[in-house]
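**Q** Next up is a structure, given as structure tokens.
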Amino acid sequence: MLLSQVWEKYQLDKMIEGYSPLTLKTYCFQYNMLLRYFGNIDLNEMTADQLKIYLIKGSTHLKPSSLGHRVRCIRSIFKWANDEGLIKKNPAAKLKEPKLGKRIPKFLTELEIEHLRESCQNAMENALFEFFYSTGCRIGEVVKLNRDDINFASNSVIVHGKGDKEREVYFNTRCSLWLKRYLD
């Protein structure tokens with residue numbers, strides 16, 4: 001089956017599975033890179049060596065994490081096509097991701113945190129800063145918050161994260177005070 005035909009079916013299947021539009025967009029970018037390099041090739045004719053050469057030639061400027069994403073995307077498409085019976089053999093099955101170096105996490109010093117606190121100019125900015133700092137929530141999670149989800153008795157809130165997963169996070173007393181000031 002041709003690469004373009006496999007992609008159309010794969011994309012529809014992943015939409016039904018609930019993949020986010022951003023994930024589909026990045027996978028589409030990788031599909032277009034494959035199409036540009038190989039043309040509209042019959043995937044039954046594709047070999048593991050061809051894929052390895054493609055990854056090596058196209059990765060000279062990529063960081064290991066970006067190359068890893070490319071490998072995961074290719075493996076996903078080929079595994080899906082093989083599982084669906086669209087191709088006889090999966091040439092991407094044994095592709096390995098590059099090893100990633102361990103990075104020391106970046107963090108703010110206590111002095112930097114205090115400078116940020118002092119730079120807040122109103123109750124909303126203070127409430128947002130304290131909420132982010134005490135919960136570790138992502139911006140997207142905070143945007144989706146509802147007042148009704150905040151429980152001041154237990155200093156907790158239900159947030160909706162990536163992949164529409166719910167989780168309960170807790171905030172400190174300082175955050176609680178600023179949230180109440182802002183919401184009042």
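**Q** For the Cα atoms of the chain, what angle does the longest principal axis make with the long axis of helix 48-57, in degrees from 0 to 90, nearest 10?
**A** Tilt of helix 48-57: around 60 degrees.
**Q** Which angle from 0 to 90°, rounded to the nearest 10, does the C-alpha axis of helix 21-38 make with the longest principal axis of the chain?
**A** That helix lies at roughly 30 degrees to the long axis.
**Q** Which lysines have a Cα lying under 30 Å from the Cα of Lys89, excluding residues fewer than 8 positions away in the same chain?
**A** Reachable lysines: Lys9, Lys14, Lys25, Lys52, Lys57, Lys63, Lys79, Lys99.
**Q** Would you kindly calculate the mean projected area, averaged across all directions, of the convex hull enclosing the Cα atoms of segment 110-183, in square nanometres?
**A** Values: hull surface 19.7 nm².
Orientation-averaged projected area of the Cα hull: 4.9 nm².
**Q** How big is the Rg/Rh ratio for segment 77-130, C-alpha atoms only, Rh by Kirkwood, two decimals? Mind dumping the intermediate values first?
**A** Details: Rg = 24.5 Å, Rh = 16.3 Å.
When Rh is taken as the Kirkwood radius, the ratio is 1.51.
**Q** Viscosity 0.692 mPa s, temperature 37 °C: Stokes-Einstein D of segment 50-140 from its Kirkwood Cα radius, in µm² per second?
**A** Values: Rh = 17.4 Å.
It comes out at roughly 189 µm²/s.
**Q** Oh, and also: So, with +1 on the Cβ of K and R and -1 on the Cβ of D and E, and no other charges, what is the size of the charge dipole of the chain about its Cα centre, to the nearest 20 debye? Don't skip to the end; give the middle numbers.
**A** Details: 29 positive and 22 negative charges, 193 e Å.
The dipole magnitude comes to about 920 debye.
**Q** Let me see the P(r) profile for segment 22-62: every Cα-Cα distance counted, bins of 5 Å, each bin given as a percent of all pairs.
**A** Percent of pairs per bin, in order: 6, 20, 26, 27, 16, 5, 0.
**Q** Under a cut-off of 12 Å between alpha-carbon atoms, report the aspartates and glutamates in cross-link reach of Lys162, not counting same-chain residues fewer than 8 places apart.
**A** Glu141
**Q** Right, next: What is the angle, in °, between the Cα long axis of helix 3-17 and the longest principal axis of the Cα atoms in the chain? Nearest 10 is fine, range 0 to 90.
**A** 30 degrees
**Q** Can you check what the Kirkwood hydrodynamic radius comes to for segment 3-83, Cα pairs only, in Å to one decimal? Display every interim value, and only then the final one.
**A** Numbers: mean 1/r = 0.0760 Å⁻¹.
Taking the inverse mean of 1/r over all distinct Cα pairs, segment 3-83 comes out at 13.2 Å.
**Q** Please express the shape of segment 1-42 as an equivalent ellipsoid: the semi-axes are the square roots of 5 times the eigenvalues of the C-alpha gyration tensor, given largest first in whole angstrom. Display every interim value, and only then the final one.
**A** Numbers: eigenvalues 76, 31, 3 Å².
Largest first, segment 1-42 gives 20, 13, 4 Å.
**Q** Report the Cα-based extents of the chain along its three principal axes, largest first, to the nearest Å.
**A** On the principal axes, the chain reaches 65, 35, 23 Å in Cα extent.
**Q** Still on this structure, I have one more. Choose one answer from Asp148, Asp83, Asp13: the residue with the largest mean-square fluctuation in a GNM of the chain with alpha-carbon springs under 10 Å.
**A** Largest GNM mean-square fluctuation: Asp148.
Taken together, the values in this text are just the output of simple stated rules run on the coordinates, not laboratory data. These numbers come from a predicted model, not from an experiment. Using ideal geometry, Cβ is built from the backbone for each residue, glycine included, and neighbour counts are taken over all protein chains shown.
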